[in-house]
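Laboratory data are not the source of any read-out in this text; all were calculated from the coordinates shown. Computed from a prediction, not measured in an experiment: that's the story for all the values here. Cβ coordinates were reconstructed from backbone atoms using ideal geometry, including for glycine residues, and neighbour counts include every protein chain displayed.
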């Protein structure tokens, strides 16, 4: 399996299929590159080179107890893109991966990145504070940490079977295989890295990163996102980027790339081609 070893000795697993203009996919917490399989197959069949990595501590990468924060995540991506000699790349990030994209593009992407996409993404910042009164209280994320530490296996059933895909909504069609696949991806990652990553995705402030990005950015968000509420994320991010396009999906959940891939994939393609 293809891997690179970063400067601190962490092994990062990645998939690299096809040729053509590269599209790099950045997964959400606590998942892996496998969460992008539908998109990778879609764009591979349309002549693109598709790349997805397992963030450190996630999936098949090293189960790190250090470096589980956004600066290091972005630096890992920089090492991967340099190793693969990527130029004119499109970077697409979902949820936590959207934060990773924002920091990577702002700090390391000059001359390498053509466009960026943030899908159900955590920027500008999730946690509530005096500067961010619309955010979620810290107690919400403390609850995530407590549930993970107490019974990670059950927590990783409860999230996808409930709010992540909107399966808790009245009349929702539930796909047990999707829930099982979320659980599978989560459980092969490292508990310590996942625990640390909760702080990374909830407390990192991406405001300056968003302001620094000078390539076109597509911001996609479902207005029924129960994990990353739209009012304090996409609606604010769209005002901070220089060249942003905001696309809101009525009634779509956080995991809409899976539940509504038939809608989102063509929209992604249209943006990439534009």
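Efficiency by 1/(1 + (r/R0)^6): what FRET value for residue 19 and residue 175, r their Cβ-Cβ distance, R0 = 35 Å, to the nearest 0.05? So the FRET efficiency works out to roughly 0.60.
Counting every other Cβ atom within 10 Å of each residue's Cβ, 36, 29, 17 order from fewest to most as 17, 29, 36. Computed over the stretch 132-227, the percent of Cα pairs more than 22 Å apart is 43. With the simple spin-label model, which puts each label point 7 Å out from Cα in the Cβ direction, the residue 243 to residue 110 separation comes to 1.6 nm.
Cβ crowding within 10 Å ranks 187, 220 as 187, 220, fewest other Cβ atoms first.
Report the calculated FRET efficiency for residue 11 and residue 211 (r = Cβ-Cβ distance, R0 = 35 Å), to the nearest 0.05. Using R0 = 35 Å, I get an efficiency of 0.55.
For the stretch 3-273, take the convex hull of the Cα atoms, compute a quarter of its surface area, and give me that in nm², please. Mind showing how you got there, number by number?
Values: hull surface 51.3 nm².
Averaged projected area of the stretch 3-273's Cα convex hull equals 12.8 nm².
Rounded to the nearest Å, what's the spacing between the alpha carbon centres of the stretch 1-56 and the stretch 174-213? Just the number, please. If we compute the Cα centre of each part, the gap is 16 Å.
In terms of overall dimensions, the C-alpha atoms belonging to the stretch 186-243 reach 37, 27, 18 Å along their principal axes, ordered largest to smallest. Of all DSSP beta bridges confined to the chain, the antiparallel ones make up roughly 20%.
Only bridges with both residues in the stretch 5-138 count here: give the DSSP antiparallel percent, nearest 5. Display every interim value, and only then the final one.
Values: 5 of 20 bridges.
Bridges in the stretch 5-138 are about 25 percent antiparallel.
Neighbour counting of Cβ atoms within 10 Å sorts the residues 218, 246, fewest neighbours leading, into 246, 218.
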